[in-house]
Amino acid sequence: MKTNLNTREPLGQWFLGLIKEIKNHKFIYIAAIPVLFYYALFYIKPIYGLLIAFKDYSFVKGVMGSPWTDNFGFGHFVSFMSDPYFFRILVNTLAISCLGLIFDFPSAIILALLVNEVRSEKYKKVIQTCTYLPHFISIMVLCSMIHTFVAKDGLVNDIIAFFGFERSNMLVRPELFRPIFIISGIWQGVGWSSIIYLAALSGIDVQLYEAAEIDGASKIRQIFHVTLPGILPTITIMFIMRTGTLLSVGYEKIILLYNEMTYQTADVISTFVYRQGLLNANYSYSAAVGMFNAVVNLIVLALANKLCRRMSETSLW
Amino acid sequence: MKRVSTGDKIFYIVNNIILFLMIAVCVYPLLYVIFASFSKPDKLMQFSGALLYPLGFDTGAYKEVLSNSMVWTSYLNTIIYVVFGTLTALIMTILSAYILSRRGIKIKKLLNVLLISSMFFSGGMIPTYITIKSYHMLNTIWAIILPPAISAMNVIVMRTSFAALPPSLEEAAAIDGISEYQFLVKMILPLSKSVLAVIALYYGVALWNSWFSAAIYLDKRSMYPLQLYLREVLINSSTDSMTTGVAEGDKVAVSETIKYATIIVSTVPILCVYPFLQKYFVKGVMVGSVKG
């Protein structure tokens, strides 16, 4: 049965085909009902709710009934651009996610390369079990561990004091927020993110290594000339996916770690949306900010995809 | 035996040392928490540096934590959310994956568009909140378990696994004339036990760890999941409710060990099952990466 919308069959014929199909595949269409309901209620409806970004929303009037805002509906976007905090949260968001891209992203690849070179299978297993472990600790527990470790009498300060530096409550120091955020992120995620590269590594042809060995290549040269090129497609795909979330950093973790004293380096777009929207109930304004964020994400993703396709033939689409 | 050059030997040694340090860095913070939770509160207060064993042995903190009724209430809530949430999510994901794994179905196209676009674009925090509010789901279990019921990534993993079953299976089913429902329940699902386990685990762990949706959708304390109660105790540092029986002077010291004990109590279930389930988790990542 050929059913392709693009073949431009007349609508009536398509519709008849659909009815016939529903008759033949009753269960599939019954199964589709809850799924479509789910998407309608929890995916499409919120997207429709994005309309409030162009309106002055009030809960009583609803999405449709609320009046359009000024500047042809773009009032909230305009006032966001001229918000005194616009620049700050944009810079913070970019800074945190770029730092993540620079340090977090390669760390998993490096770990995978190192683990791949371990010759004892047992040791390899132990390493993997231990490095995956932090992934299963909840964000809440991770953040509370950070809170207690970097407190004035915490473990990290003990170590710092041991080397003769001064103790301080590190979570109220704006210049330390980003390092704390990134390092704890690496701690939690590096092992887990390395799985995908390890999978790719196991797919590399052993003959390539044998050939390299005969040519007299050292282990380190083999890594650079055989292993890395072998997993480059995987790295590229992961890189594109990562850039697609460039403007959406993990706000749950930031909310648990930041405070008014570190807003100048820690406040990002999504935490701003959270405070404006849910704590101050500026629904329309924060929906506009969130939409700005999502659209920029999409654009960055498309650009990264294009760039990678031009450079390496690997791309998402 | 292959001859190993000196340079490579050094490489292997350095590599093993680096990875050993890596193990230590990953595991030590957890060990520290365990040691600290069993330490005597006053000794822990005076101690500075890296704990290598508990200072004394005191289970007082655990007694305080386990005799706290809010710990039990929130634990029970979390278990309810995890069980029902995982069941709902599993059913929804099976249905989506089944539809997507069948060939030549018109509705597949629509579903695919929804699935893929939900990976890259969504309404966002505020419109979702307003939507949930408009359904009168605030302060109900539905707000916690329904919105995360379909995760695109998990559907893709499951669809890939369903589609990888031999096509002869479908032909045999067609010859036997069994219905599509029976085909799913009696053939596909029994053959996909491991992927079902993986996906159930993913949803389960996500629900276990989630706190943000509870924080914005629930304001009755009696409905708090464990993670949200942890925030009160650990992040906002209000251990007062647990130190009622403690002398005023010891409160600061005791509240430290109570924090550590709370971390352990809330993490133990995951840490207990983790070693046994690790290979399933990893398998899930692998399946997802093949055609992600």
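The values are calculated or read from the model by the stated rules, or taken from the named source; none is laboratory data. Computed from a predicted structure; not experimentally measured. Neighbour counts are summed over all protein chains in view; Cβ atoms, including those assigned to glycine, are modelled from backbone coordinates with ideal geometry. Ligands, DNA and RNA are stripped out before the accessible areas are found, and what is left, the full protein with its side chains, is counted by its heavy atoms. Shrake-Rupley method; radii C 1.70, N 1.55, O 1.52, S 1.80 Å.
Over the stretch A:5-76, average the accessible area per residue using a 1.4 Å probe and give it in Å², no decimals.
Spelled out: the 1.4 Å probe surface of the stretch A:5-76, per residue, equals 63 Å².
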Assigned charges on the beta-carbon of Lys, Arg, Asp, Glu; chain B dipole about Cα centre (debye):
1040 debye
Hey, what do the phi angles of the stretch B:80-95 turn into as Karplus ³J(HN,Hα) couplings, whole Hz, using 6.51/-1.76/1.60 and θ = phi - 60°, x for Gly and Pro?
4, 4, 5, 5, 6, x, 5, 4, 4, 4, 5, 4, 4, 5, 4, 4
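Which whole-number percent of Cα pairs in the protein assembly as shown have a distance greater than 35 Å?
Numbers: 88475 of 185136 pairs.
Cα-Cα pairs of the protein assembly as shown separated by over 35 Å account for 48 percent.
Between residue B:139 and residue A:295, what FRET efficiency comes out of the Förster formula 1/(1 + (r/R0)^6) with R0 = 30 Å and r the beta carbon distance, rounded to 0.05? Before the final figure, lay out the partial values.
Numbers: r = 32 Å, r/R0 = 1.08.
For R0 = 30 Å, the calculated efficiency reads 0.40.
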Take each complete run of DSSP H in chain A, measure how far its Cα atoms stretch along the helix's own axis, and keep only those covering 30 Å or more with mean Kyte-Doolittle hydropathy at least 1.0; list them.
A:174-201
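How much net charge surrounds residue B:39 when only the other residues with a Cβ under 11 Å from the Cβ of residue B:39 are counted, with Lys and Arg +1 and Asp and Glu -1?
Details: positive: B:40, B:43; negative: B:42, B:58, B:256.
Here the charged neighbours net out to -1.
Based on alpha-carbon atoms only, what is the radius of gyration of the stretch A:5-76 relative to the globular estimate 2.2 N^0.38 Å?
Against the empirical 2.2 N^0.38 Å value, I get 1.72 for the stretch A:5-76.
On average, how much accessible surface per residue is there in the stretch B:133-200, in Å², for a 1.4 Å probe, leaving out ligands, DNA and RNA? Walk me through the intermediate numbers first.
Details: 3250 Å² over 68 residues.
Normalised by residue count, the accessible surface of the stretch B:133-200 is 48 Å².
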Determine the calculated [θ] at 222 nm for the protein assembly as shown from helices alone, applying -39500 (n - 2.57) to every DSSP H run no shorter than 4 residues and normalising by the residue count; nearest 500 deg cm²/dmol.
-21000 deg cm²/dmol
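What does the charge dipole of chain A about its Cα centre add up to, to the nearest 20 debye, if the Cβ of each Lys and Arg holds +1 and the Cβ of each Asp and Glu holds -1? Walk me through the numbers on the way to the answer.
Values: 25 positive and 20 negative charges, 168 e Å.
Approximately 800 debye in magnitude.
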Could you give me the ³J(HN,Hα) list for the stretch A:69-74, computed from phi with Karplus coefficients 6.51, -1.76, 1.60 and θ = phi - 60°, whole Hz, x at Gly and Pro?
8, 5, 6, 6, x, 9
Over all directions, what mean area does the Cα convex hull of chain B project, stated in square nanometres?
23.6 nm²
Along the charge dipole of the protein assembly as shown, pointing to its positive end and built from +1/-1 on Cβ of Lys, Arg, Asp and Glu, which listed residue (B:38, A:177, A:286) has its Cα farthest out?
A:286
Along principal axes, largest first, the alpha-carbon spread of chain A in whole Å comes out as 68, 59, 38
With the dipole of the protein assembly as shown worked out from charges on the C-beta (+1 for Lys and Arg, -1 for Asp and Glu) around the Cα centre, which of A:227, B:96, B:281 lies farthest toward the positive end?
B:96
Residues of the stretch B:10-28 losing 30 Å² or more of accessible surface, assembly versus chain alone, probe 1.4 Å, please list them.
B:11, B:12, B:15, B:16, B:19, B:22, B:23, B:26, B:27
Residue A:311 versus residue A:173, label points 7 Å from Cα toward the beta carbon: distance in nm?
3.5 nm
The set of residues whose placed amide H lies less than 5 Å from the amide H of residue B:123, leaving out same-chain residues fewer than 5 positions away, is A:47
Using a 1.4 Å probe on protein heavy atoms only, how many Å² of accessible area do B and A hide from each other, summed over both chains and rounded to 100?
8400 Å²
Along Cα→Cβ, 7 Å out, is where each label goes; now give me the distance between the ones at residue B:13 and residue B:48 in nm to one decimal.
3.7 nm
Which whole-Hz ³J(HN,Hα) couplings does the stretch B:30-36 yield from phi under the Karplus relation 6.51 cos²θ - 1.76 cosθ + 1.60, θ = phi - 60°, glycine and proline marked x?
5, 4, 4, 4, 4, 4, 5
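Checking the table A:45/B:109; A:124/B:186; B:108/B:186; A:253/B:43; A:122/A:253 against a 27 Å threshold on Cα-Cα, which pairs fail? Walk me through the intermediate numbers first.
Details: A:45/B:109 20 Å; A:124/B:186 39 Å; B:108/B:186 22 Å; A:253/B:43 32 Å; A:122/A:253 34 Å.
Cα-Cα > 27 Å for A:124/B:186; A:253/B:43; A:122/A:253; rest within.
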Let me make sure I get this right: for the stretch B:1-130, a, b and c are the square roots of the gyration tensor eigenvalues over alpha carbons, sorted descending. Under 1.5 in a/c it's rounded, otherwise prolate if a/b > b/c, else oblate. Which is it?
oblate
Can you give the log10 of the normalised intensity I(q)/I(0) at q = 0.11, 0.17, 0.18 Å⁻¹, computed with Debye over equal Cα scatterers of the stretch A:44-192?
-0.73, -1.05, -1.10
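Got a number for carbon plus sulfur as a percent of the protein assembly as shown's accessible area, 1.4 Å probe?
On the way: 19950 of 29800 Å².
Heavy-atom surface of the protein assembly as shown belonging to carbon and sulfur, 1.4 Å probe: 67 percent.
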Would you please give the residues with an amide H less than 5 Å from that of residue A:55, counting only those at least 5 places away or on a separate chain, with H modeled from the backbone geometry?
A:69
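Where the convex hull is taken over the Cα atoms of the stretch B:54-129, what is its projected area averaged over directions, in nm²? If you can, show how the numbers build up before the last one.
On the way: hull surface 38.9 nm².
Here the figure is 9.7 nm², rounded to one decimal.
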